[in-house]
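Heads up: the structure comes next, in structure tokens.
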Amino acid sequence: MASIVLCLVLSQILIAEIKDNLIVNFSRLLTNKKPGVDSVKGTIFYQPPNDILIYVTEPVNQHLKFNDKTLVIYYPDEKKAFRIQARVPFVLPFFQAFISLTNKNLGLAEMGYTLSQSEKRGDTLITRWVPPARIKKAVGPIIIGMVNDQVGFMEMQNSKGRTIGRVSYSDYSKIGNIMLPMRVSAVRYLGKDTTYETVYYSNPRLNVKLPDEVVNFQIPKGTEIKEVSW
């Protein structure tokens with residue numbers, strides 16, 4: 001189920017400051033040491049502040065509903081569903097990376113991070129953010145690279161200063177009054193394994209009316225539901 005759930009990870013990164021409904025298509029490619037590429041395609045429906053519904057069309061027909069600490073995974077063709085309850089709110093790293101750019105400094109200041117260093121390298125402004133004391137033993141600094149007033153990359157380090165992940169943003173497009181990247185690429189160093197992920201976004205629609213089946217999403221009666229706690 002892990003690949004279909006789009007590599008769900010519990011995170012503290014803020015959802016951003018998009019205040020209007022958003023619909024956007026996506027295509028996500030994930031590769032690691034295993035042969036082949038894990039590909040997922042679908043459409044994301046976002047209703048601020050944290051209501052997300054994803055229609056996955058490939059490789060399976062699947063609906064994923066996120067709301068705070070609850071995730072519902074529904075397979076309409078099989079009439080089966082999972083309802084997952086977590087101790088902390090769910091977020092989607094690949095979608096988080098997409099919309100968090102509208103939040104100044106990716107919301108790091110609100111999370112308690114402090115700007116410790118800033119320098120210009122060519123056309124790139126590099127800033128280094130250190131975590132609050134309460135989590136320094138668990139996580140390290142975050143480095144942000146700004147190019148032409150847009151986030152070019154974000155690098156995450158562990159408490160020992162080793163890079164554990166890097167996200168790159170490109171192909172920006174102006175949607176309404178905000179700029180959003182149409183391509184987000186990430187590399188994660190997980191022990192001896194390295195995972196590469198690229199998400200392409202297309203046809204973004206901002207400040208639109210969401211379909212009723214999205215706003216009032218419910219698992220149909222007669223569906224087999226398995227309850228799971230994380």
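The values are calculated or read from the model by the stated rules, or taken from the named source; none is laboratory data. Remember, predicted model here, so these are calculated numbers, not experimental data. Because the Cβ atoms are built from the backbone with ideal geometry, glycine has one as well, and the counts that use them run over all protein chains shown.
Assorted remarks:
- Counting only residues that are in a strand (DSSP E or B) and among the aliphatic types (A, V, I, L, M), the stretch 183-221 holds 6 of them.
- Hits in the stretch 196-230 - residues which are of a type in the set (Ser, Thr, Tyr) and modelled with pLDDT under 85: SER229
- Residue check: ASP38 meets all listed conditions (1) of a type in the set (Asp, Glu); (2) closer than 20 Å to VAL187 by Cβ; (3) at pLDDT 85 or above but one, namely (3).
- In the stretch 108-133, the residues that are of a type outside the set (D, E, K, R), within 14 Å of GLN157 (Cα to Cα) and assigned to a strand (DSSP E or B): THR127, TRP129, VAL130
- Within the stretch 39-88, being part of a loop (DSSP other than H, G, I, E, B), more than 21 Å from GLU197 (Cα to Cα) and among the aliphatic types (A, V, I, L, M) holds for ALA86, VAL88.
- So GLY112, is it surrounded by 18 or more Cβ atoms within 10 Å (Cβ to Cβ) and either modelled with pLDDT under 85 or in contact with a strand residue (DSSP E or B) (Cβ under 8 Å, 6 or more places away or on another chain) (or both): no
- All strands (runs of 3 or more DSSP E) inside the stretch 135-182 with 2 or more residues being aromatic (Phe, Trp, Tyr) and either under 24 Å from ASP193 (Cα atoms) or touching a residue at least 12 places away in the same chain (Cβ under 8 Å) (or both): 163-175
- Any hit, the stretch 160-168, residues being at pLDDT below 85, among the β-branched types (Val, Ile, Thr) and over 17 Å from the mean Cα position of the chain (by Cα): no
- Applying the condition of being modelled with pLDDT of 80 or more and more than 30 Å from ASP212 (Cα to Cα) to the stretch 18-35 and asking which residue is surrounded by the most Cβ atoms within 10 Å (Cβ to Cβ) yields LEU30.
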